[in-house]
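Reviewing the structure listed below.
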Amino acid sequence: MRIRYDRFPGGKIKAVTLSYDDGVVHDRRLVASMNKYGLRGTFHINSGFLDNKGKLDSAEIASLYAGHEISVHTVSHPFLEQAPPEQIVREITKDREALEALAGYPVRGMSYPFGTWNEKVTAMLPSLGIEYARTTRSHGTYETPANFLEWHPTCHHKQMVEHAEKFVALEPRHSKMLLLYVWGHSYEFDNDNNWELVDRFGEIAGGREDIWYATNAEIVEYMTALGRLRWSASCEWVHNPSAISVWVSAENHVVEIPGGQTVQLSAR
C-alpha cells in the first residue's frame, strides 16, 4: 500500500501562514485586516520594548493577538550570533517568560533578530524551549521546512500578492504539502504606503475551503504529530500517539487518524 504524508488538517494540501516582527503599533491595523479575511499568523515580539513609543502596550497583547500566536523575538533584539551563551539564554528565556505572562500559554517559537544566526545559536534553542525559529531568507517556493530551527519563508510581503496568485492556482501534479509563508514588519506597509497589499492578498488567498490557515506553532505541532505516527510492518495499521488528528493519503484515499487511536487502512 502506498502511504504519503501529503495532507494538512482536514485532508487539505495547501496551508498559509504569516509572520511579523517587533510588536509595533502597526500590528493593530494588520491584525484587523488578517481577521477580516480569515488569515492567521505569528507575531514575534521584543518584550523589552513594549509600552514605549511606537510599540504596543503590554495590556493589549492578549486581546489584540487572540486567534493568532505570540512568539519570541528576544528581549532587546541583539545579534545573537555575536553574543555569549549566557546572554543568548537570558534574551530568549526572559522574553518567553514576559510574553507567556501576557499571553497565558507556553511560547515555543521565535524569529531571529536581524534574521541572523549561527550553529551555536540553533544548537541552544531546544534546551531553551524553542521548537522553531524563522529566518529572513526567502526561498520563493512552497516547501515545508527540513529544519524548523532554520525555517525559511516563501517571501517578504512585498511579493505576497504575486505569490498568492500562483499559490491558489497551483494544482500539483504529484500530491504534496504546499505552504505559503509570508514574513515582514507591519510598519513597512506605512513606510511604503502599500497597505493595499494586505487587502489584495486577503481577497486572493483568504477564506478558501482548500487552504488551512495556521500559526507557525500549529504547523510545527501538526508536522511533529505526523512524524510520530507508528506503523505496522505491513503498513495496514497505524497508531497516532499524539493528541491531535493527522491526515495521510493511502493509495488514492485521504485518511484521518484521530489522536490516541489506531486505524486500519485498506487499499479499497
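Any read-out appearing in this document is the output of simple, stated calculations on the displayed coordinates, not a laboratory observation. This one's a predicted model, so the numbers in the text were calculated from it and none came from an experiment. Ideal geometry is used to build each Cβ from the backbone, glycine not excepted, and the neighbour counts take in all protein chains shown.
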Legend entry - Fewest-first sequence of 229, 178 by Cβ atoms within 10 Å of each Cβ: 229, 178
Legend entry - Residue order, fewest to most beta carbons within 10 Å, for 154, 135, 224, 42: 224, 135, 154, 42
Legend entry - Cα-centre dipole for region 13-216 with unit charges at Cβ (Lys and Arg positive, Asp and Glu negative), debye to 20: 280 debye
Inset, instruction - Name the residue farthest towards the positive end of the dipole of region 13-216 from the options 49, 35, 98, assuming +1 on Cβ of Lys and Arg, -1 on Cβ of Asp and Glu, about the Cα centre. - result: 35
Inset, instruction - Give the angle, between 0 and 90 degrees and rounded to the nearest 10, that separates the Cα long axis of helix 27-37 from the longest principal axis of the Cα atoms of the chain. - result: 30 degrees
Legend entry - Antiparallel DSSP beta bridges within the chain, as percent of all bridges there, nearest 5: 35 percent
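How much net charge surrounds residue 218 when only the other residues with a Cβ under 10 Å from the Cβ of residue 218 are counted, with Lys and Arg +1 and Asp and Glu -1? The partial results should precede the final answer.
Numbers: positive: 40; negative: 69, 221.
That works out to -1.
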Legend entry - C-alpha long axis of helix 196-205 to longest principal axis of the chain, angle in °: 10 degrees
Legend entry - Overall dimensions of region 72-150 as given by Cα atoms, namely Rg and Dmax in Å: 12.5, 36
Legend entry - Two-decimal Rg/Rh across region 184-268, once Rg and the Kirkwood Rh are taken from alpha-carbon atoms: 1.20
Inset, instruction - From zero up to wherever the largest Cα-Cα distance of the chain sits, split into 5 Å bins and tell me the percent of pairs in each. - result: 1, 6, 13, 16, 17, 16, 13, 9, 5, 3, 1, 0, 0
Legend entry - Alpha-carbon centroid distance for the pair region 1-61 / region 96-120, whole angstrom: 14 Å
Legend entry - lysines with Cα under 26 Å of residue 53, excluding same-chain neighbours fewer than 8 positions away: 94, 158
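Could you work out the equivalent-ellipsoid semi-axes for region 1-126, taking the square root of 5 times each eigenvalue of the Cα gyration tensor, largest first, in whole Å? Intermediate values should be presented prior to the final figure.
Working: eigenvalues 140, 99, 30 Å².
Computed over region 1-126, the values are 26, 22, 12 Å.
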Legend entry - Estimated vicinal HN-Hα couplings, Hz - region 137-151 in sequence order (Karplus 6.51, -1.76, 1.60; Gly, Pro = x): 8, 5, 10, x, 10, 10, 7, 7, x, 7, 9, 5, 7, 9, 8
